[in-house]
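Following this message is one structure expressed as structure tokens.
The values are calculated or read from the model by the stated rules, or taken from the named source; none is laboratory data. All values derive from a computational prediction rather than experimental measurement. Because the Cβ atoms are built from the backbone with ideal geometry, glycine has one as well, and the counts that use them run over all protein chains shown. Side chains included, ligands, DNA and RNA excluded: accessible areas come from the protein's heavy atoms. Shrake-Rupley method; radii C 1.70, N 1.55, O 1.52, S 1.80 Å.
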Amino acid sequence: MSKIPKHVSIIMDGNGRWARGRGLERLAGHKAGVESVRAATEFAAENGIGYLSLFAFSEENWNRPQSEISGLMELMIDAIINERTTLMDNNVRFRAVGDMSRLSKTLVDKISDIEASTSLNGGLVLIIFLSYSGRWDIINAVNKYIEKLRGSVASMDQPVTAECLENLLSTAGIPDPDLLIRTSGEQRISNYMLWQCAYTEFYFTDVLWPDFRKNDFKRALDTYADRERRYGKTGDQINKIN
Ligand code: FPP
């Protein structure tokens, strides 16, 4: 496959509709979605993608019924416990990004544990976005910047640069996504990586997340390979570079 993106991100959507279509509880859709997480992770590792990030729980998802929230959190804890060996065997490094202060201690402990155990793995980096929103991320970075200035002798009239803000985002050190996939036919960014997606290519598919398999992932990569990324330049300028 040509032009493999370095970082692919996925907004996993449609679990509820998948379940409703089968007369099941919404949680059954999330459970089925874990199998798609496994398939996507395998596909990313097999195809030399450096970073795979998954939007698993947004800041706005805290407004869902309590039973669904606790079910989802349980599912995350179980997935971390059950997938540990597979992650280790496949040299995958696990990272979580988001507002950890809102998660349960049990989940935070499991996350810290798996992040530490996989920290030296040099293969695919799997990043789970939990309790995350793009606006939260930017506001958080600005607050960290103000805090930093308070503790330093640098004067307040130093201009803020993109680089200094980027280093304070929760994704610092992670390259911006090259490709963002959203399943289930919805075509919006839903307060996901707002800063980081400035030049990301978007791919939307009607496939519901629990049905998303390796062939669907491959289709997205094939579409990406045909795109011309211009970053504001003209097509001629880009062709001269390539
Ligand atoms: C969106 O579907 C999906 C979510 C909010 C949760 C995604 C979580 C998982 C797949 C669970 C496992 C994750 C990991 C990383 C182990 P929706 O509920 O919004 O679906 P709908 O739009 O059809 O209602």
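Working only within the range 120-133, note down all residues that are among the polar types (S, T, N, Q) and more than 18 Å from the chain's Cα centre (by Cα).
Going residue by residue through the range 120-133, those that are among the polar types (S, T, N, Q) are 121, 131, 133.
Residue satisfying the conditions is Asn121 alone.
Have a look at Ala19, Ala39, Ala32, Ala44 and point out the one that is at negative phi, surrounded by 20 or more Cβ atoms within 10 Å (Cβ to Cβ), more than 6 Å from the ligand (Cβ to nearest atom) and under 19 Å from the mean Cα position of the chain (by Cα).
Working: Ala19 fails: under 19 Å from the mean Cα position of the chain (by Cα); Ala39 fails: surrounded by 20 or more Cβ atoms within 10 Å (Cβ to Cβ); Ala32 fails: surrounded by 20 or more Cβ atoms within 10 Å (Cβ to Cβ).
Ala44 is the lone residue from the list that is at negative phi, surrounded by 20 or more Cβ atoms within 10 Å (Cβ to Cβ), more than 6 Å from the ligand (Cβ to nearest atom) and under 19 Å from the mean Cα position of the chain (by Cα).
Output the helices (runs of 4 or more DSSP H) that fall wholly within the range 134-242 and possess 1 or more residues being within 20 Å of the chain's Cα centre (by Cα), surrounded by fewer than 17 Cβ atoms within 10 Å (Cβ to Cβ) and of a type in the set (Lys, Arg), or say none. Spell out how you get there, then give the answer.
Numbers: elements: 134-150, 162-166, 214-226, 235-241.
In the range 134-242, 134-150, 214-226 are the helices (runs of 4 or more DSSP H) which contain 1 or more residues that are within 20 Å of the chain's Cα centre (by Cα), surrounded by fewer than 17 Cβ atoms within 10 Å (Cβ to Cβ) and of a type in the set (Lys, Arg).
All but one of (1) of a type in the set (A, V, I, L, M); (2) in contact with a strand residue (DSSP E or B) (Cβ under 9 Å, 6 or more places away or on another chain); (3) open to solvent by 50 Å² or more (accessible area, probe 1.4 Å) hold for Ile114; state the number of the condition that does not hold.
Failing condition for Ile114: (3).
Taking the range 47-64 only, how many residues are more than 9 Å from the ligand (Cβ to nearest atom) and either in a loop (DSSP other than H, G, I, E, B) or crowded, with 16+ Cβ neighbours inside 10 Å (or both)? Before you say what the answer is, go through the steps one by one.
Restricting attention to the range 47-64, the residues satisfying the condition of being more than 9 Å from the ligand (Cβ to nearest atom) are 47-53, 59-60, 62-63.
Within this subset, residues satisfying the condition of being either in a loop (DSSP other than H, G, I, E, B) or crowded, with 16+ Cβ neighbours inside 10 Å (or both) are 47-53, 59.
Summing the residues that are more than 9 Å from the ligand (Cβ to nearest atom) and either in a loop (DSSP other than H, G, I, E, B) or crowded, with 16+ Cβ neighbours inside 10 Å (or both) in the range 47-64 gives 8.
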